[in-house]
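Asks: Have a look at this one before I ask anything.
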Amino acid sequence: MMVTQDDDEALLRSPRPRPLLVQTHVPYSLLPDAITAEGSGCRLVYVCRDPKDMLVSFWNFYLKEAATLAAAGCGGGWVGESAAAGLTKFEDVFELFCEGRYPGGPYWRNALEFWHESQRRPNEVLFLRYEDMLGDPVGNLKKLAAFMGCAFSEEEEEAGVVEQIVELCSLASLKSMDVNKNGSTVLAFRNVAYFRKGQVGDWKNYMTLDMAARLDKIVEEATRGSGLTFAGSVSHN
């Protein structure tokens, strides 16, 4: 189930069996009270990614689904401007992204909101990094399961259940499913558009080192003192 701002009543009225699994790109500050209220019983898992790779990923998604994005009203930030102004170069949207003009607001602000909540409520908000998940999928899956209150038993671990789930959820496995080859979401986005490379560092094929360093600096200044860091900073490599 996908959720947008002001969906409190929709969540409460949903006939779907509990527990509900909700996916969203909405910033924490705009999530419905039914999700964020103390004692709501909801557990939030936020997956953070290096902003450079995230921008490249979304740019490629936009190129595939521009018409559907516009029809769905997802034209905030540079998405709408790209369609209206004919911005077809990555360099153009990179400039807008550096200015914080992105659907939902600056990406680093979105991540920072969830980061703060994960520090304040670690039992209710789990902050994961995409790069860590790729590097140690088994360890991160076990962390996720424990956070959700369904930790793997010793018997399950010994039987290789964790590794089996990792394989089932791998990019290769998901891309091979018919529903992801031919299906679409409730907003009419083609499922196939969500699966590309899934690699770390693909930004190097789209950005110069100067562009990457500039974006890293913007993000570092915006998150300074928070304890939040992103993988892939060129200044740290």
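The values are calculated or read from the model by the stated rules, or taken from the named source; none is laboratory data. All values derive from a computational prediction rather than experimental measurement. Please note: Cβ atoms are built from the backbone with ideal geometry, for glycine as well, and neighbour counts cover all protein chains shown.
Asks: Taking the conditions exactly as written (at pLDDT 80 or above, farther than 22 Å from residue 131 by Cα and either surrounded by 14 or more Cβ atoms within 10 Å (Cβ to Cβ) or in contact with a helix residue (DSSP H, G or I) (Cβ under 8 Å, 6 or more places away or on another chain) (or both)), does residue 191 satisfy them or not?
Replies: For residue 191, the condition - at pLDDT 80 or above, farther than 22 Å from residue 131 by Cα and either surrounded by 14 or more Cβ atoms within 10 Å (Cβ to Cβ) or in contact with a helix residue (DSSP H, G or I) (Cβ under 8 Å, 6 or more places away or on another chain) (or both) - is not met.
Asks: On to the next question. Somewhere in region 98-113, is a residue at pLDDT below 95, closer than 17 Å to residue 216 by Cβ and small (Gly, Ala, Ser)?
Replies: Looking for residues that are at pLDDT below 95, closer than 17 Å to residue 216 by Cβ and small (Gly, Ala, Ser), one finds at least one in region 98-113, hence yes.
Asks: Taking residue 218 as the residue in question, decide whether it is within 21 Å of the chain's Cα centre (by Cα), aliphatic (A, V, I, L, M), under 14 Å from residue 52 (Cα atoms) and not in a loop (DSSP other than H, G, I, E, B).
Replies: So residue 218 fits the description; yes.
Asks: Would you confirm whether any residue within region 104-126 is surrounded by 18 or more Cβ atoms within 10 Å (Cβ to Cβ) and in a strand (DSSP E or B)?
Replies: Looking through region 104-126, at least one residue is surrounded by 18 or more Cβ atoms within 10 Å (Cβ to Cβ) and in a strand (DSSP E or B).
Asks: Restricting the search to region 161-176, which residues are polar (S, T, N, Q) and part of a loop (DSSP other than H, G, I, E, B)?
Replies: Once the filter is applied, which keeps residues that are polar (S, T, N, Q) and part of a loop (DSSP other than H, G, I, E, B), region 161-176 yields only 170.
Asks: Identify, by number, the condition in (1) at pLDDT 85 or above; (2) within 30 Å of residue 145 (Cβ to Cβ); (3) under 13 Å from the mean Cα position of the chain (by Cα) that residue 116 doesn't meet.
Replies: Condition not satisfied by residue 116: (3).
Asks: Anything in region 32-58 that is surrounded by 18 or more Cβ atoms within 10 Å (Cβ to Cβ) and at pLDDT 90 or above? List them, or say none.
Replies: Passing the criteria: 44, 48, 49, 50, 51, 52, 53, 54, 55, 56, 57.
Asks: Please name all residue pairs, on different chains or six or more residues apart, with Cβ atoms under 9 Å, provided the first residue is in region 129-154 and is farther than 25 Å from residue 112 by Cβ and the second residue is assigned to a loop (DSSP other than H, G, I, E, B) and not aromatic (Phe, Trp, Tyr).
Replies: 137/169; 137/170; 141/169; 142/151; 145/151; 149/43
Asks: Another question, if that's okay. Can you confirm whether residue 207 is part of a loop (DSSP other than H, G, I, E, B), hydrophobic (A, V, I, L, M, F, W, C) and either out of contact with any Ser or Thr (no Cβ under 7 Å at 6 or more places or on another chain) or at pLDDT below 80 (or both)?
Replies: Answer is yes for this residue.
Asks: Which one of these is part of a helix (DSSP H, G or I) and at pLDDT below 95: 200, 179?
Replies: The unique qualifying residue is 179.
Asks: When region 149-168 is examined, which residues are found to be within 18 Å of residue 198 (Cα to Cα) and in contact with a Leu (Cβ under 8 Å, 6 or more places away or on another chain)?
Replies: Listed by number, the residues that qualify are 165, 166.
Asks: Given the residues 11, 21, which is the only one that is at pLDDT below 90, out of contact with any Asp or Glu (no Cβ under 7 Å at 6 or more places or on another chain), over 20 Å from residue 104 (Cα atoms) and buried (at least 17 other Cβ atoms within 10 Å of the Cβ)?
Replies: Every option except 11 fails the conditions.
Asks: Which residues, counting only those in region 210-227, are closer than 15 Å to residue 106 by Cα and either among the hydroxyl-bearing types (Ser, Thr, Tyr) or surrounded by 18 or more Cβ atoms within 10 Å (Cβ to Cβ) (or both)?
Replies: If the condition is that a residue be closer than 15 Å to residue 106 by Cα and either among the hydroxyl-bearing types (Ser, Thr, Tyr) or surrounded by 18 or more Cβ atoms within 10 Å (Cβ to Cβ) (or both), then 215, 216, 219, 223 are the ones that fit.
Asks: Can you find a residue that is of a type in the set (A, V, I, L, M), closer than 21 Å to residue 42 by Cα, touching a strand residue (DSSP E or B) at 6+ places or on another chain (Cβ under 8 Å) and assigned to a helix (DSSP H, G or I) anywhere in region 134-143?
Replies: no
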